[in-house]
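The values are calculated or read from the model by the stated rules, or taken from the named source; none is laboratory data. Note that the structure is a prediction, hence the values are computed from the model and not measured. Using ideal geometry, Cβ is built from the backbone for each residue, glycine included, and neighbour counts are taken over all protein chains shown. Heads up: the accessible areas ignore ligands, DNA and RNA and are worked out on the full protein's heavy atoms, side chains in. Shrake-Rupley method; radii C 1.70, N 1.55, O 1.52, S 1.80 Å.
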Amino acid sequence: MSSTITDQGLSPKAIRAMANITKAMGTVEPAVAEVLGRVGDMVMQSGDPDAVYDFVLTALQRTKDEQTATPCAAYSWCAETGEHHDHTGHSIWATCPDAYGREVLPAGLIEWGGGVKVGLLDLDLTPAEAHGKVTELRAHLDSIEALINLAEAER
């Protein structure tokens, strides 16, 4: 902050705001302290902490809204928006729930730093591993269909 609190002729409210900002600056990371210092400079310049806080909160919300609206630049399937490092896609599942109403065979894409994985059967699989599991599931579904055909033939 550019000057001391007492030499600015600030209102008691502005002096309390400056005291709180100064106190907070000693308890946060350097980057946050720098931002608080700039907020303090704005309070000292304007003398109106409420207007400064409204300005800062509006600017922060605008930045958050812009980041939230920005789709992931790394993966088209990623459902995350704004600045992020972990990528998660929307989940899919079979259209027929089980007897308890739970989703059957949920699957989705993730990338949390180890390459893109396919979440399937409660496993995080590489695409090649996922293809193998799908082949196994297809064979199992063929076996189920054979059981169904056997049941129909015995009627």
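Evaluate the following for His90: is it modelled with pLDDT under 95, closer than 30 Å to Lys64 by Cβ and either surrounded by 10 or more Cβ atoms within 10 Å (Cβ to Cβ) or in contact with a helix residue (DSSP H, G or I) (Cβ under 7 Å, 6 or more places away or on another chain) (or both)?
Criteria not met by His90.
Exactly one of these conditions fails for Glu80: (1) out of contact with any Cys (no Cβ under 6 Å at 6 or more places or on another chain); (2) surrounded by 12 or more Cβ atoms within 10 Å (Cβ to Cβ); (3) among the acidic types (Asp, Glu). Give me its number.
(1)
Conditions (1) open to solvent by less than 100 Å² (accessible area, probe 1.4 Å); (2) in contact with a strand residue (DSSP E or B) (Cβ under 6 Å, 6 or more places away or on another chain); (3) in contact (Cβ under 8 Å) with a residue 12 or more places away in the chain; (4) basic (Lys, Arg), marked per residue:
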residue	(1), (2), (3), (4)
Leu109	yes, yes, yes, no
Leu120	yes, yes, yes, no
Ala128	yes, no, no, no
His131	no, no, no, no
Thr135	yes, no, no, no
Ser143	yes, no, no, no
Glu154	no, no, no, no
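Consider Met42 against the criteria (1) surrounded by 13 or more Cβ atoms within 10 Å (Cβ to Cβ); (2) assigned to a loop (DSSP other than H, G, I, E, B): it satisfies all of them except one. Which criterion is unmet?
Among (1) surrounded by 13 or more Cβ atoms within 10 Å (Cβ to Cβ); (2) assigned to a loop (DSSP other than H, G, I, E, B), the lone unmet condition for Met42 is (2).
Okay, residues lined up against (1) at pLDDT below 90; (2) β-branched (Val, Ile, Thr); (3) under 30 Å from the mean Cα position of the chain (by Cα):
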{"residue": "Ser2", "(1), (2), (3)": "yes, no, no"}
{"residue": "Asp7", "(1), (2), (3)": "yes, no, no"}
{"residue": "Arg16", "(1), (2), (3)": "no, no, no"}
{"residue": "Ala19", "(1), (2), (3)": "no, no, no"}
{"residue": "Lys23", "(1), (2), (3)": "no, no, no"}
{"residue": "Val39", "(1), (2), (3)": "no, yes, yes"}
{"residue": "Val52", "(1), (2), (3)": "no, yes, yes"}
{"residue": "Lys64", "(1), (2), (3)": "yes, no, yes"}
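Give the residue, chosen from Val52, Val28, Val32, that is among the aliphatic types (A, V, I, L, M), part of a loop (DSSP other than H, G, I, E, B) and surrounded by 11 or more Cβ atoms within 10 Å (Cβ to Cβ).
None of the others qualify; the one that does is Val28.
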